[in-house]
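First the structure, in the form of structure tokens, and then the observations on it.
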Amino acid sequence: MPSGIWRIAMGVGIPVGFDTKGLDIPGWFSAMCIAMSLGTEGFALLTLGLVKPWGEVVPGWIPLIGGKRVAPLAAVIPALLGAAVVMLLTIPRVGGFGGAQGAPTGPALVVMDACYAPLLLWGPLLVVVAISYYRRRLN
């Protein structure tokens with residue numbers, strides 16, 4: 001959530017320390033920041049399916065498949081692939097998210113790093129939750 005808020009703030013033109021000269025704000029860049037944030041939050045909500053009942057049985061209100069059991073691998077494989085992608089994107093930034101061209105410096109960089117730091121835990125924790133889901137569903 002914090003990284004999404006930070007990204008949306010940058011996308012709508014709120015100064016967050018990132019050099020946004022030459023970016024289409026408002027415009028396509030703003031739309032991209034909002035879409036990335038909504039996508040990230042959507043994937044985070046899907047992660048809840050690994051620990052909630054609707055991750056085992058599709059809710060009845062969903063047309064055609066409502067009430068059917070979710071095949072364990074149909075949840076586990078995308079979760080593990082997602083975890084791998086998140087780790088590939090975040091582990092190289094374990095020392096901080098600055099350093100890119102136009103990246104913030106000073107206190108703005110500290111805020112940016114604090115907003116993005118939770119992403120470092122998302123990948124490994126998603127692996128743990130996916131394995132737990134798989135083990136639970138096998139029994």
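Note on the range 1-89: Rg/Rh from Cα positions, Kirkwood definition for Rh, rounded to two decimals, is 1.13. Our summary gives the chain a relative contact order of 28 percent, counting only alpha carbon pairs under 8 angstrom and 6 or more residues apart. Taking a span of 18 Å or more along the helix axis (Cα atoms) and a mean Kyte-Doolittle hydropathy of at least 0.5 as the rule, the DSSP H helices of the chain that qualify are 28-47, 72-90, 119-138. A crude spin-label estimate for the pair residue 43 and residue 61, with each label 7 Å from Cα along the Cβ direction, gives 2.6 nm. Using a probe of 1.4 angstrom and keeping all protein chains present, the accessible surface of the range 72-135 works out to 58 square angstrom per residue. Extending 7 Å from Cα along the Cβ direction at residue 32 and again at residue 135 yields two label points whose distance is 4.2 nm. Would any residue of the range 47-90 have its amide N under 17 Å from a label point 7 Å out along Cα→Cβ of residue 100? List them or say none. Inside the label zone: 85-90. Among the protein heavy atoms of the chain, carbon and sulfur supply 74% of the accessible surface, probe 1.4 Å, non-protein parts ignored. Based on DSSP H runs of at least 4 residues, each adding -39500 (n - 2.57), what is the mean residue ellipticity at 222 nm of the chain after dividing by all its residues, to the nearest 500 deg cm²/dmol? Calculated at 222 nm, the ellipticity per residue is -19000 deg cm²/dmol.
The values are calculated or read from the model by the stated rules, or taken from the named source; none is laboratory data. Here the structure is a predicted model, which is why all the values come from computation and not from measurement. Note: ideal-geometry Cβ built from the backbone for every residue, glycine included; neighbour counts use all protein chains shown. For the accessible areas, the whole protein counts, side chains as well, though only heavy atoms, and no ligand, DNA or RNA atoms are used. Shrake-Rupley method; radii C 1.70, N 1.55, O 1.52, S 1.80 Å.
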